[in-house]
Amino acid sequence: EPVLTAAKQIADATLAAGKVFGSITFNQEHSKRLQDMGARMIIHGADIVSYKKALKDILGEYGR
């Protein structure tokens, strides 16, 4: 798949430059792929998802 090939090329170039490679992950399988590519910074989810959940919880507390 072209996207995975591009991600591997980016990972290789990043690591070759002595930098930390990382990415947002979608699930455990994707996390494993990133680790296999040498990722050390794996982000599970996005801020907006956490904010959305928190707001839903708050609204639930107020009975909405």
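Laboratory data are not the source of any read-out in this text; all were calculated from the coordinates shown. Since the structure is predicted, the reported quantities are computational estimates derived from the model, not experimental observations. Here the Cβ is made from the backbone with ideal geometry for all residues, glycine too, and neighbour counts use every protein chain on show.
Data overview
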| read-out | value |
| --- | --- |
| Every pair of residues 6+ apart whose Cβ atoms lie under 7 Å, when the first sits in the range 15-28 and is touching a residue at least 12 places away in the same chain (Cβ under 8 Å) and among the small types (G, A, S) while the second is part of a loop (DSSP other than H, G, I, E, B) and surrounded by 12 or more Cβ atoms within 10 Å (Cβ to Cβ) | G22/A39; S23/A39 |
| Identity of the residue in the range 36-64, among the charged types (D, E, K, R) and surrounded by 10 or more Cβ atoms within 10 Å (Cβ to Cβ), that ends up farthest from K19 (Cα to Cα) | K56 |
